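Colleague: The structure follows.
Nothing in this text is a laboratory measurement; each read-out follows from the coordinates by a stated rule. This one's a predicted model, so the numbers in the text were calculated from it and none came from an experiment. Positions of Cβ are generated from backbone atoms using ideal geometry, with glycine treated the same way; all protein chains shown enter the neighbour counts.
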Amino acid sequence: MAGSLIEMPVNGASDWSNFVTITQQSYKAMIFVSLTEWDTTTAPQLEGGSRVVIDGAMYQFTSDETITGLAGIANSTEFYIKVVPAGASCTVVATTDAPTWSADKGGWYDGSHRYIGGMYKNESGNYVNKWLYQTNRQNHVKTSQQISKKIVNIGIWDMENTSAIVRTSDDIGVSIKRIRDLSIKINNDHADDSTYGYFSDLTLHKVTEDRPAGEFYIYIGSTTPSTLDYIQMNRRLGGHFWSAAYDSTGINRGNMNITYVDLST
């Protein structure tokens, strides 16, 4: 079905009806909001001067508004901020319940509650990575994120007799979902040999001519739908690493070099 033009008013009742329609359609998705403490780790408030339209009704905040429910958000949790109308007034509330997009209302909603943004409460109870929704349909606009790196030992891996190993978030100390880049260093039993790769859903690595592509690969796996739970590292059957030179169970087999989004600061 094609869109239709709403004509601007000239004269007559129908023209002014069009004007009212244009006005309503123009502002129904409006959201002009900001947060205090944007660049700190302190709990923010909705900043005075913010305005938001909810189900066609406009609400304004003439002074900074406290966000209720922050104390009930557990550490190490991402959460949302929503505006909850109640007749002629409204409150601002923290919640872990996710919204859905309403094309008719032009915003992110849960029932009559309009969502305006969110943030992360890290393991220290600080409020970081604050972000706000825009009026168009996109997930969110986030502040710049802190990128960190760490090196984690692979641990024991007899590559001759075990084709693959798994390392979970608990093993590496980083949520798999936060990983942005990953390289692997593999040592032989004398710790003088290595190969490298990078994070992908299925990555093949060619190191030298005597080690063709497919000798070693990495992928991210899951035990439940829509969940990234672990990194799995595999070596090819009959390949370079299927060897007594890689069968020790008394050494660290190598390292995982991990680049990840750091939500701790």
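Colleague: What nm value, rounded to one decimal, do you get for the distance between residue 134 and residue 190 when each label is placed 7 Å out toward the C-beta?
Modeller: Placing both labels 7 Å along Cα→Cβ, they lie 5.8 nm apart.
Colleague: Under 20 Å from the 7 Å Cα→Cβ point of residue 147, by amide nitrogen: which residues of the range 246-261?
Modeller: Under 20 Å, as judged by backbone N against the label point of residue 147, lie 256-261 of the range 246-261.
Colleague: Another question about this same structure. Can you work out ³J(HN,Hα) from phi for every residue in the range 155-170, in order, using Karplus 6.51 cos²θ - 1.76 cosθ + 1.60 and θ = phi - 60°, giving whole Hz and x for Gly and Pro?
Modeller: x, 6, 7, 7, 6, 5, 9, 10, 6, 8, 9, 10, 10, 9, 4, 5
Colleague: For the pair residue 252 and residue 164, how long in nm is the line joining their label points, each one 7 Å along Cα→Cβ?
Modeller: Here the answer is 2.5 nm between the modelled labels.
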